[in-house]
Amino acid sequence: MLEAFLIKLSLAAAVFFGVLNLAGLHTWIERKQSAIMQDRIGANRASIFGLRLFGLFHPLADVLKLFTKEDFIPPGGNRVLHTLAPFLSAFFALVVFAAIPIGNTLTLGGWVIELQVASLDIGLLYILAMLSMGVYGVVLAGYASNNHYAFLGGMRAASQMLSYEITMGISLIGLIMWSGTLDLQAMVRAQGQYLWGWLPLWGAVVQPVALIVFLAAALAETKRIPFDMPEGESEIVGYFVEYSGMKFGLFFMTDFIETVLVACLATTFFFGGWQVPYLFPDGFRFPWGGAIPMAPLAVTLAGIGAFTAKVVGFCWLFMTVRWTLPRFRYDQLMRLGWQYLFPISLANVVATGLALRLLS
Amino acid sequence: MIRKRELTFWERMYLPEIIRGVALTSRHFVRNLAIHTLHAVGLAKHRSAAVTYQYPEQPRPLAPRLRTRHRLTLREDGTPRCVACMMCETVCPARCITIVAGEHPDPNIEKYPTRFDIDLGVCIYCGYCVEACPEDAIRMDTQILDIAAYSRAEMKLDLHELLNPSLRKPVKACSLPFPHRCAVRGDPHAAGPEQPLHGPIFIGGDVTRAAGMEDQAQQARQIEAPHPVPLPSGEREKGEGRGNG
Amino acid sequence: MPTLTIDGQQVTVPPGTTIIQAADQLGITIPRYCYHPGLSIAGNCRICLVEVEKAPKLQIACYTPVADGMVVHTGSDKTLKARQEVLEFLLANHPLDCPVCDQAGECELQNYYMDHGRYEARFLEQKVKKSKKATPIGPTVMLDQERCILCSRCVRFTDEISKTSELGIFHRGDHAELDVVPGRALDNAYAGNVVDICPVGALTDRDFRFKARVWYLSSSPSVCPGCSRGCNIEIHYVLDRPYLADGARVMRLKPRYNPAVNQWWMCDEGRYGYKAIDRARLVQPMGRTQGLSPQGTVPSADSVSHPLVWDLAMTEAAQHLQEAQTRNQLGQWGVLPSPQMTNEELFLARQLFQERLGVACDGRVAERPATGDNFLMTADKSPNRRGMAAIFSETTDQKGTVPQGDSPLLAERAAAGELKGLIVFDHDLVALYGEAVARTVAQRVFLIYVGSHDTATSRLAHLVLPSAVYAEKDGTFTNVDGRVQRIVKAFEPLSGARGGLEIVADLARRLGAAFPHTTAAEVFRAIGASVPAFQGLTYETLGAHGAPLATAEAVTV
């Protein structure tokens, strides 16, 4: 029992480590990628002993700066809630990762390890629940700042998050109906089938409409461009206007954690999670004949690698979208959510039901 | 009026346009990333992945007609060409030029500036002073752009810096060969009164406070108004004073 | 009376009138350089050529007398062409000095070139160099021969107005040049006027030289306070460029035309008297004690002066007067009004001190010996002695001089220790009565000095209330001929000084006897209502040139 606990703890630490590092790197990726996309060079000035490493030290410098800045609580603000809000935000973003399977079952020295921090039967519900808890951080931040603008920003964020949460949940129902489970590991395993023997039956193939709706809703839910009215870093006064120092940094981190999170979710639901095409427990078996036998450990590690690569790929996509699309207007955002994405996701559920009924 | 273009069906579908946009930015990303990578291994140096100038190390080439920091041109003998006609001071829309004229020993020149200040903190670089100058005495061709200072006073150029653009604050020594109001030598007239002594319309703030006499003002406010003088009743005939003169 | 037509307008003028004068009557301005209404006619500049019908050639408007039925065209093509050509001749040798020339901006060459010249330059030859470039020819005037267009206005001025004949035109042809007569200097008492009448930059003012460009100047009409003549002036001042002239506000004075007083002229003493406006001014009330002085005591004249805020200084003055009143000692106080004050200030002072408080006001103040001449300058260097005489008519005779053999002067009584307090407006007791008397006064009485300048008396006084100078206040002066003339506030008093009206009115308010009239116009209306000499006068009837006192004719000056 203790061993199982320790194993889970070390797994959780590994996931934590990976996610936080990826999120931290995001500040650098964001700046560098946007620069390269826009024919610029990007941040490259921070150096240690003249070593610049393409500006890799900038996140470090940013963190140092944030830590040394004054931690300001506005007069009249609620000290407890003001301090609590960024932690709530980050916490609910981080706990979601517990339910995400990062690989197939790993058998190591007699130990059978599920590469999933929490193997929950209702993993998907858990994820949706935790995601919706994130709204507390935002609302509390706006409320506790004793600032009308911050409060309005918080309200804006809350209504946006609540609106898109519904769409996001419904867009996944089709997937649940198809895979017949709420367990994410089981969902990923279900995506290991092949249509006509060669097309991996990933969520994106089964539910292409749901994929698009999910991506849009998830971006909106996590307040990423082009749906970043609540934050609106420099243009719109958002809910964290009264935050400074590392508390602001935590909101900032949450933003990037959520990017990674959405990438993980999209990977898990729609791109086969840790599945590698044509990789079976005993190695590769290609539909056009031929096979490469592999050790089970290697297969599992390849799965983890595939998962990571897919997540990074999604992160890149989100960044590209961020630096390509202009921001929506708030009424456009609401209309998109309620008048287009929501009915589309409902129709998708109906269509999926019909299809399943007809196919079975 | 520019009419909004009607969107086509595909454009209104939004998704294809998003993909097009993402494709465009991705193309730049891939191309630039490839060139950056080649640069990193020392290849394809002639192709540029960025249009950025690495500013302090790599200054941007400036057009010769760009208006930059001012300078005063010199005669052969090292005195300014300026004759202190104050055309630039007159035309300056920001009123950043301060000229005080003096008598030149040569009656054919007659007039020259003993004080010529340009407050770069106020200047808007419109170049009117150069246009207005009848003597080609002021130019904006020093190509100096990096003007920064820790105080407003340091943003002021005086004769020393205007005649010798290579000088930077603080100017240590004065080598101007003609009489002038020299701040370097501590001339009290170098920066004459910026604010006139008169009139509340030109002076902000409270004179009482400036003189450090608030306590007096306070005291004065606490003194009771004197009792009204009982006027001698109705015996004020015109032109007949009660004086004993 | 001949009737003639100028540009289609008919005008009837007395015989002997010239065309240019008739045109001036109609409001048609014919360009002019040598013609000046105050001088004899020279007719040498030719810029005033006009077309007269039935005359074979163009005629000079300044010297052609009108005739009945004459038809004159001042704007015909022929006339305009002639003007342009005359300008071309005048400018042929004129240097391109405008940037350094003090006349630029008020130069008739510039003005007429822009109005009538605008020709393509055809002059390829070398300009003739003259011998004197920027040379002083007297204590006040600078000569630049190259700029001179030889109109001879200045020569005629020295011949006819100042009658000193220092200037002349020497040599012939393009060598002709204006100069002072050898061995002489242009140093008469009216020399500054040649600068005013010079239409170009040949004669410029040494005092104004390079101080400011004329387009920086603001102008305000006023009356010269230098003597009792009351010459009409314009105050030219700059407020927004404090670095010019080391912070002085007033740059120069110019005479203002008044046919009844000074015509076009003013003396140099008045012209350069403006410097006092920005020099040695009192800018802070001063008292001998920090805060209120003990009641009824006279602080030592040797004790240190402290700056006071106005509120405190006025309270102190009021308290001293009130103390004297409660002890019934106001009869032992005295007020010395000054002929430097405006009629309005004098009237308010009289109303407050003499009528309401019953304090003795003594308008008989000894004069400082000074000399006048038989033209504009008078011996009396106070601008308003006639006004003071009219307002304090009981204590002075009508000419404002000291009646002899009357009761002793107030200052003498103060020195004798008969008084407890003395309020002095503007007078310098030290200059008037001598150091010893002034010091005695300061030791025996509580001395309140209300004045604009730092003088020996202000340093002796126990309470100093700085007041405004003439350029900083509205009011009227009554000149030596009994002509009441307005002075107009050009700018605010120096911060820390207050207008005399304001000071007296504030004192009255603190003594519970506030005046119903506070502005200068209101006070003047009150003067008109209560002082017989001023009957019927208001600011409206004074106008730009003033109006005589009702009693002015009765007084022979």
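Bear in mind that the values in this text are calculations on the coordinates, not laboratory data. None of these values were measured; they are calculated from a predicted model. So basically every Cβ, Gly included, is an ideal-geometry build from the backbone, and we count neighbours across all protein chains shown.
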Of the DSSP H helices in chain A, the ones reaching 27 Å or more along their long axis in Cα terms and averaging at least 0.5 in Kyte-Doolittle hydropathy are A:2-37, A:123-144, A:148-179, A:245-270, A:296-322
The protein assembly as shown - charge dipole about Cα centre, Lys and Arg +1 at Cβ, Asp and Glu -1, debye rounded to 20: 2980 debye
Label 7 Å along Cα→Cβ of A:ARG40; the stretch A:307-339 residues with amide nitrogen under 20 Å? A:316-328
Measure out, as a whole number of angstrom, how far apart the alpha-carbon centroids of the stretch A:294-323 and the stretch C:471-497 sit. 91 Å
Determine, for A:TRP111, A:TRP196, C:TRP264, the number of other Cβ atoms within 10 Å of each Cβ, and report the residues in order from fewest to most. A:TRP196, A:TRP111, C:TRP264
What is the Cα radius of gyration of the stretch C:199-275 over 2.2 N^0.38 Å, N being its residue count? 1.11
So what's Rg/Rh here for the stretch C:4-98, counting alpha carbon atoms and using the Kirkwood radius for Rh? 0.99
For chain C, what is the charge dipole size about the Cα centre, in debye to the nearest 20, if Lys and Arg each add +1 at the Cβ and Asp and Glu each add -1 at the Cβ? 480 debye
Can you give the mean number of other chain Cβ atoms that lie within 10 Å of the Cβ atoms in peptide C:312-320? 3
Dimensionless Rg over Rh [the stretch B:71-163; C-alpha; Kirkwood]: 0.96
Classify the stretch A:215-351 as rounded, prolate or oblate from the Cα gyration tensor: take a ≥ b ≥ c as the square roots of its eigenvalues, call it rounded if a/c is under 1.5, otherwise prolate when a/b beats b/c and oblate if not. oblate
Among C:LYS132/C:LYS275; B:LYS111/B:LYS169; B:LYS111/C:LYS211, the pairs whose Cα-Cα distance exceeds 18 Å are C:LYS132/C:LYS275; B:LYS111/B:LYS169
Label-to-label distance, nm, for residues given as A:SER159 and A:ALA298 (7 Å Cα→Cβ offset): 5.8 nm
At a Förster radius of 35 Å, what calculated FRET efficiency corresponds to the Cβ-Cβ distance of B:ILE144 and B:ILE109, to the nearest 0.05? 0.80
By how many nm would the segment from A:SER10 to A:TRP111 grow when fully extended, if each residue of separation counts as 0.36 nm and the alpha-carbon distance is taken off? 35.0 nm
B:THR68: net charge of surrounding residues, Cβ under 14 Å, Lys/Arg +1, Asp/Glu -1, itself excluded? +3
Volume in Å³ per residue [convex hull over Cα atoms, computed for the protein assembly as shown]: 316 Å³
Sequence of C:LYS133, C:LYS81 once ranked by neighbouring C-beta atoms within 10 Å, starting from the fewest: C:LYS81, C:LYS133
For the stretch B:1-100, Kirkwood radius (reciprocal of mean inverse C-alpha pair distance, Å): 20.7 Å
To one decimal place, what orientation-averaged projected area in nm² is obtained for the convex hull of the Cα set of chain C? 29.5 nm²
How many nm separate the modelled label positions at A:LEU60 and C:PHE89, each set 7 Å beyond the Cα in the direction of the Cβ? 9.0 nm
Measure off 7 Å from each Cα along the Cα-to-Cβ vector at B:GLU17 and C:ASP174, then give the distance between these two points in nanometres to one decimal. 7.8 nm
Taking R0 as 30 Å, what FRET efficiency do you get between C:ASP454 and C:LEU239 from their Cβ-Cβ distance, rounded to the nearest 0.05? 0.85
Counting only helical runs of four or more DSSP H residues, what would the 222 nm mean residue ellipticity of chain C come to if each run contributes -39,500 (n - 2.57) and the total is spread over all its residues? -6500 deg cm²/dmol
Placed amide H near C:ARG498: partners under 5 Å, 5+ positions off or other chain: C:SER467, C:ALA468
Farthest positive-ward along the protein assembly as shown dipole, Cα basis, beta-carbon charges - from C:ILE235, C:GLY546, C:ILE503: C:ILE235
Cβ-defined net charge surrounding C:ASP302, 12 Å radius [Lys, Arg +1; Asp, Glu -1]: +3
Segment A:ARG329-A:PHE280, length gained on full extension (0.36 nm per residue, minus Cα span): 12.9 nm
May I ask which residue of A:THR268, A:ALA291, A:LEU317 lies farthest towards the positive end of the charge dipole of the stretch A:243-353, with charges of +1 (Lys, Arg) and -1 (Asp, Glu) on Cβ and the Cα centre as origin? A:LEU317
Which order results if A:SER132, C:SER458, C:SER131 are arranged by neighbouring Cβ count within 10 Å, fewest first? C:SER131, A:SER132, C:SER458
Work out, step by step, the length gained on full extension between B:LEU74 and B:ARG27: first 0.36 nm times the residue separation, then minus their alpha carbon distance; give nm to one decimal. 11.4 nm
Percentage, to the nearest whole number, of Cα pairs in the stretch A:46-156 over 25 Å apart: 52 percent
Share (percent) of C-alpha pair distances in the stretch A:72-359 greater than 32 Å works out to 30 percent
